[in-house]
1. List the residues whose amide H sits under 5 Å from the amide H of G81, counting only those 5 or more places along or on another chain, with H placed 1.01 Å from N in the peptide plane.
2. Can you list residues whose amide H is under 5 Å from Y47's amide H, if they're 5+ apart or on another chain and H is modeled 1.01 Å from N?
3. Which of the pairs K61/K129; K74/K129; K40/K73; K65/K122; K40/K122 have their Cα atoms more than 29 Å apart in this structure?
4. Take every Cα-Cα pair in the stretch 22-80 and report what % of them are more than 17 Å apart.
5. Would you pull out the residues with amide H under 5 Å of G30's amide H, same chain only if 5 or more places away, H placed 1.01 Å from N?
6. Pop the C-beta distance of K23 and R131 into the FRET formula with R0 = 35 Å and round what comes out to the nearest 0.05.
7. Can you tell me the length gained on complete extension of the stretch L71 to K55, counting 0.36 nm per residue apart and subtracting the Cα distance?
Amino acid sequence: MKQITLLLLSYSLFACGYFYSEKVTRVIDGDTFVVNSNGKEVTIRLYGIHAPKYKHTLAAKAKKKLSELILGKKVLCMGSGVYKKGVVVCNVSMGKNDIRLSMIESGFAWYSIKYKAKNYIKAQGLAKKERKGLWKDMVPASL
């Protein structure tokens, strides 16, 4: 079983196109951060989620939450594409922790309509029900 898992992981790394296992040096906002890879800054955007941006009243809190989760820590980033201005879009984890899911669970991010993973839908529903983060006032202004 371990061999199959390693084989699948190896295949996904080659198929994804972008792979970083680096320490986070800066958090830009609630869904974007920077790592230093081989002496070069790489900006990473969390795939499949959205968080409040600069002018939104909860933007600073979303940035703070992402900072608490990953700033100064080593994360695993696997991506398949480049977003605006060279930003690499990635699935991001730290150990067994899915960072995107953590942001949704905290109520400071929501899943993209295009990316309907059941665990994200469930986590967002629970965050809404418990009125966490963005959902404290029930409807985020950025939606």
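1. Answer set, sorted by chain and number: V89.
2. Those lying under 5 Å, H to H, from Y47 are C90, N91, V92.
3. Going by Cα-Cα distance, K74/K129; K40/K122 fall outside the 29 Å limit.
4. 35 percent
5. So G30 has HN proximity to K63.
6. 0.55
7. 3.6 nm
Bear in mind these aren't lab numbers, they're just calculated from the coordinates by the rules spelled out. Fair warning: this is a prediction, and the values are worked out from it, not measured in the lab. No Cβ is skipped: glycine too gets one built from the backbone with ideal geometry, and neighbour counts run over all protein chains shown.
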